[in-house]
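Colleague: Okay, here's the structure, questions in a sec.
None of the figures in this text is laboratory data; all of them are computed from the coordinates on show. Fair warning: this is a prediction, and the values are worked out from it, not measured in the lab. Ideal geometry is used to build each Cβ from the backbone, glycine not excepted, and the neighbour counts take in all protein chains shown.
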Amino acid sequence: MRVIEVIIDGFKSYAVRTVISGWDESFNSITGLNGSGKSNILDSICFVLGITNMTTVRAQNLQDLIYKRGQAGVTKASVTIVFDNKDKAKSPIGFEDYPTISVTRQIVLGGTSKYLINGHRAQQTTVQNLFQSVQLNINNPNFLIMQGRITKVLNMKKEEILGMVEEAAGTRMFEDRRDKAFRTMAKKEMKVQEIMELLRDEIEPKLDKLRQEKRAFLDFQQTQNDLERLTRLVVAYDYLKSKEKLRMSEKDLNDKRERAMFLESNAEKLKNEIAFLQEDMDKVKAARDKELRKGGKFQALEDKVKVHSHELVRLTTVLDLKKSSMAEEKENREKSQATVQELGKQLEQKSQLHKQLQERYDAANAELQKQTAEVEQKEELLQTLQTGVASKEGQEGGYQGQLQDARNRLSAASTEQEQAKLKISHLEKRLKEDEPRAKKAEKENAGLLKSLDGLRSEAKALEAELSRIGYESGREEAMQKEQSQLQQRIRELKEQADGLKRRVANIDFSYSDPTPNFDRSKVKGLVAQLFALDKNFTQAGTALEICAGGRLYNVVVDTAQTGTQLLQNGKLKKRVTIIPLNKISAFRAASEKIGAARNMSNNKCDLALNLIGYEEDVNAAMEYVFGNTLICEDAATAKKVTFDPAVRMKSVTLEGDVYDPSGTLSGGSSPKTSGVLVTLQQLNEIIRELDSRQAALHQLQSTMAQEKQKLDAARKFKQNLDLKNHEVSLAEQQINGNSSSSIIQAIADTKAGIIQLKQSIVEAKARQDEATKEVKRIEKDMNDFNNNKDSKLVELQTALDKLKKSLSKNSASIKPLQQEVRDAMLEAEQCGSDVAAAQEQFQDAEVNLKTQQEELKALMKEGQAVKDAHYYAQAQLDDERKKLSGYDTELADLETASRSKSAQITEEALEAQKLGHQIDNFSKQQQAARQTLQTMEKEYEWIADEVDSFGRSNTPYDFNGMNMTESKRSLAGLSERFQGMKKKINPKVMNMIDSVEKKEASLKNMMRTVIRDKKKIEETIAQLDEYKKEALHKTWSKVNVDFGNIFNELLPGGNTAKLDPPEDSGDISKGLEVKVCLGKVWKQSLTELSGGQRSLIALSLILALLQYSPAPMYILDEVDAALDLSHTQNIGRLIKTRFKGSQFIVVSLKDGMFQNANKIFKTRFSDGTSVVQVLTPADLK
């Protein structure tokens, strides 16, 4: 198989389709300048042969093989080689019938590659197999000697040289096969391991488990058989026992039915006897009642005794409670007394301490105030002297600034006078010139003015007519505007009222009439709704809220009865407190206390009741809420009047702080309910204004309705008046628009301007005089201060620094003293309030104790009287009972007999009832026994066949000598065991174990087969090793002879070369070394040779290897690069003589090589692409 044509398109330097044909079947040479594309032809051949190592064709990737990497418009590369296939003996397998074989490889920009064989798409492996079948393995080539291969051979190690010999011998194939065999053996080993692991980890454990399940299944079958046997035995026994029990129960049932009939008849008899006894008892009771009705006082005595007894018990209980309460009150009184004494001592100590601290603080504070005033005086004086600022108001700048300002004002006033005088002179001159023209203009306008006066007279007549009929200009529009404003204001007031109502929603009190026709005037309402706060006392709203507290939302009614009805039947939506006016204990502070408080506070406080207005009928409720509290303007006043002995009343400041004479203080942040009274006041004002506005709107709408007719009548006069006014306006515009009117108006304006300018001159003169006086005064002050400035400033500054230092020291020392005074005051006040509270508790305990002692005496006296009355009534009752005891005895006997017979009836009825239950149970048991027998016969069909054998000897149902209880226990155990085993056994185990055992046998057979195959592979490998060894020796011997001969031909003169194993081992399998003999001297190393000699050695070795196993084609790329012309000619002759039958394609630049070639292909570079020319040696000559 030889190359006959190569077609290159877009591959490397061949941009256009290039057809290279006419290849010689033996020796072809390619030549040309460097870079002209010689080696690219060889690369294209390797490309088609399917090379995968891109470095061999001097590229990094497939894209490098496209012309200029696809950047010159060429996007694909394609190479086609046509092979001569006429020699069928050397044809690839499967292609014997084809005279030529065309192989194409094409790549597209981006890396896509495809193969074609004879124009049909083929896989890469197909192409590689085709070439390998004719010894053209591109990925392990022995036919391809590219640039640099000679140098590589020279640098090869002994093992690599041995590899070349093995490649020539074909033992490399054996190596591949041995490696493949080893891999196959490894797979076999892995398969053996997998089978063993499968047997060990899956099959054997599964078999063990199945074998256990098999044993359990066989045990289950045995248990099932035993269970069936025992079940038959026990069922037969129970069947016989049930039959016997059914027979015995029928006899017992008949006996119980007879006893039940007897009890029923006896009960009827006893009931008749009880009826006779009841008749006798009724007769005795009638006689007894007759006796009772004669006197009629037994029942009264019995009721009287009962009442006295109950009252005696009640009084005894109350008396015990009262004694216990008295003991507690005595204990409380003693504790309160001790507390008052102890707190009194503490109060005296704390008051004395506060007094001392207050005296010290007052003295220190007075001294501090004195020093502060002196410092302020000195600072004011010093500031005035330093800055030149006068002490009186209006002179805030320095002397120089004030002087400059005064002079500027003086100059401005003078300038203003001069300008005004010039303007007056100019205006008077113009006035004198224009007065004759003005007189003439007045004469010209006389007619127009007369017409204007006539129109005005007519307009006034129409106005008088409108006035006569009562029309006012703009009245209708004014009334409509007023109506709109009123409506807008009413809407605003309603919105404000709704908002305020939501803010005071908790004052909303509603109820239902507790009785029909209820008089709602009896319910006055909430306290907060029953009084008004005057505008002058609005600031006291918060204080009044704090004063009233929760009572502000109490409900005031006329009587307690009304309050009770309201609470019970009023359907109130929330809990309320009722203030009945006829029951409330109203209290108003004495006028002496109020007067004393006003005097000592300079009228800064007043009684809360005096700040509000209310109706007379709720006076008691207002006094109850506001009658005992003072409202003070500030905390100092409240503190002063509250704790003064002449007042001693609770006080509230305008901010809401509370001072109680007991010593407690309340205050801090504003209360959360603050503003309710003020809000109510605002709400009342808004409601009053709303009512007023609504009344005004109603009145306005009535007026508009009344005057509508009058307005309609006057509208005609109004239209005429408007026309006349329009005519007057036009006349005035005509007069004003002519030149005469302009002249008259200009004269009037000039006169007015002169008067105004004269007045401004007078004002400027006054300002000039004032500024002159100011300048003189400032200049005098500056002279006085300049005469004694420095000494005065130093003196004042020294004194001021000394005063400030003293003031700072005193101010720092007074603050701790002030804090001590406050702490002492608070402690004294707190102690005073504690003393007052303890005294009040002691007094309350005294009053309660005295009251309880009086109540105890009254209860003891009442109890003795009740006890005497009870004793007397009991004695009278006992006398009456004796009279009736005879009847009672007879009745008791009759009742005893009746009860005895009733008890007998009850007992026999219970017995009869019990017998009835027993009869029912026996009937049910009989029915159940029959049902059981039927169920057993139905469930165990074998009973009908085996029933005759039940209980007989020498049968499976012989019960003699057998413990049936033990048999039933065994049956229960077997049944339980059977159920347990039933859940655990595997019913399919017999089939499963057969399957797994078969699988185990199959795997073991497979493992034996694999082991046998492995053994055969090992034997084959041993045979291959032996064959390889023989083939290698044979090849080595042949190549060694050819190596020496070829080297002698390339370098004549008795020179030779050979391949020897290493001297230390003598075994060629360890590698081969090149030995060279030049003349008759064997060189120790190749380094002793020249470069050309070494190249010839390498080339001789390669040619010897190629000659041993000839390929159909050889590719040599510049193998003569290091040789001279004579050696190159020797190589050419050697190729022609020694390698007949093989096609050589040689790239060379030397004449000695391509002169021996049969065909020469010369490359050149033209217009950026490679071009090929086919020549013969004769053409070169």
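Colleague: Using a simple charge model, +1 on the beta-carbon of Lys and Arg, -1 on the beta-carbon of Asp and Glu, nothing else, what dipole does the chain show about its Cα centre, in debye to the nearest 20?
Modeller: 4760 debye
Colleague: Which of LYS158/LYS1080; LYS209/LYS984; LYS1038/LYS1159; LYS241/LYS914 have a Cα-Cα distance over 21 Å?
Modeller: LYS158/LYS1080; LYS1038/LYS1159; LYS241/LYS914
Colleague: Need the list of lysines near LYS283 for cross-linking: C-alpha distance under 24 angstrom, and skip anything on the same chain fewer than eight residues off.
Modeller: LYS269, LYS271, LYS294, LYS297, LYS882, LYS883, LYS901
Colleague: Check which residues have an amide H placed less than 5 Å from ILE30's amide H, if you skip close sequence neighbours.
Modeller: Under 5 Å from the amide H of ILE30: VAL1146, VAL1147, SER1148, PHE1161.
Colleague: Next question, about the same structure. Between GLU5 and residues 5 or more places away or on another chain, which pairs have amide H atoms under 5 Å apart, with H built 1.01 Å from N, and which residues are they?
Modeller: Residues meeting the criterion, in which the H sits 1.01 Å from N, are VAL82.
Colleague: For a paramagnetic label modelled at 7 Å from the Cα of THR1176 toward its Cβ, which residues of region 1143-1165 fall within the zone defined by backbone nitrogen distances under 16 Å?
Modeller: Only 1155-1162 fall inside the zone, counting backbone N under 16 Å.
Colleague: Also: With a cut-off of 8 Å between alpha carbons and a minimum separation of six or more residues, what is the relative contact order of region 1069-1181 in percent?
Modeller: 19 percent
Colleague: From the residues PRO92, GLY35, ILE145, which one has its Cα farthest along the dipole of region 34-161 in the positive direction, the dipole being from +1 and -1 charges on Cβ of Lys/Arg and Asp/Glu about the Cα centre?
Modeller: Of the listed residues, the answer is GLY35.
Colleague: Considering the Cα trace of the chain, what is its radius of gyration and what is Dmax, both in angstroms?
Modeller: Considering the chain through its Cα atoms, Rg and Dmax are 73.1, 189 Å.
Colleague: Could you estimate the translational diffusion coefficient of region 516-585 from the Stokes-Einstein equation, with Rh from the Kirkwood formula over C-alpha pairs, at 20 °C and 1.002 mPa s, in whole µm²/s?
Modeller: 159 µm²/s
Colleague: Still on this structure, I have one more. Set the Förster distance to 45 Å, then compute FRET efficiency between GLN212 and GLN934 from the Cβ-Cβ distance, nearest 0.05.
Modeller: For GLN212 and GLN934, the calculated efficiency is 0.50.
Colleague: Provide Rg and Dmax in Å for region 921-975, with only Cα atoms included in the calculation.
Modeller: Rg then Dmax for region 921-975, in Å: 14.0, 39.
Colleague: Grab the Cα-Cα distance for LYS773 and LYS1083, subtract it from 0.36 nm times how many residues apart they are, and report the gain in nm with one decimal.
Modeller: That works out to 97.6 nm of additional length.
Colleague: Whole-Hz Karplus ³J(HN,Hα) for region 1112-1117, in order, using 6.51 cos²θ - 1.76 cosθ + 1.60 and θ = phi - 60°, x for Gly and Pro?
Modeller: Result, ordered by residue: x, 8, 10, 10, 10, 10 Hz.
Colleague: For ASN129 and GLU941, compute 0.36 nm times the residue count separating them, minus their Cα-Cα distance, and round to one decimal in nm.
Modeller: 284.0 nm
Colleague: Where does the chain land at 222 nm, in deg cm²/dmol rounded to the nearest 500, when only DSSP H runs of n ≥ 4 count, each adding -39500 (n - 2.57), divided by all residues?
Modeller: Helices in the chain give a 222 nm mean residue ellipticity of -24000 deg cm²/dmol.
Colleague: Find the lysine pairs in region 511-625 meeting two conditions, Cα atoms under 25 Å apart and a separation of 8 or more places or different chains, and report how many there are.
Modeller: Lysine pairs meeting the criterion: 14.
Colleague: Give the long-range amide H neighbours of GLN1143: residues separated by 5 or more places, or on another chain, with amide H under 5 Å away, using H modelled in the peptide plane at 1.01 Å from N.
Modeller: For GLN1143, the qualifying residues are MET1113, TYR1114.
Colleague: Hand me the trypsin sites (Lys or Arg not before Pro) from region 1058-1100 located in a DSSP loop with no more than 12 other Cβ atoms within 10 Å, in residue order please.
Modeller: For trypsin sites (Lys or Arg not before Pro) across region 1058-1100 that sit outside H, G, I, E and B with at most 12 neighbouring Cβ atoms in 10 Å, the list reads LYS1080.
Colleague: Please determine, in degrees from 0 to 90 and to the nearest 10, the orientation of helix 399-444 with respect to the longest principal axis defined by the Cα atoms of the chain, where the helix direction is its Cα long axis.
Modeller: Result, in degrees: 80.
Colleague: Can you return the lysines within cross-link range of LYS323? Criterion is Cα-Cα under 18 Å, with same-chain partners fewer than 8 residues away left out.
Modeller: Result set, ordered by chain and number: LYS850, LYS857, LYS861.
Colleague: If you average the sequence gap of Cα pairs under 8 Å that are 6 or more apart and divide by the length of the chain, what percent do you get for the contact order?
Modeller: So the answer I get is 25 percent.
Colleague: Can you list the aspartates and glutamates whose alpha carbon sits under 18 Å from that of LYS650, skipping same-chain ones fewer than 8 residues off?
Modeller: List returned: GLU545, GLU592, ASP606, GLU623, GLU633, ASP634, ASP660, GLU829, ASP834, GLU840.
Colleague: Right, something else. Could you work out how much longer the chain between ARG257 and ASN954 gets when fully extended? Use 0.36 nm per residue separation minus the Cα distance between them, nm to one decimal.
Modeller: Length gained between ARG257 and ASN954: 246.6 nm.
Colleague: To continue, here is another question. Considering only DSSP beta bridges whose two residues both sit in the chain, what percent are antiparallel, to the nearest 5?
Modeller: For the chain, the DSSP antiparallel bridge percentage is about 70.
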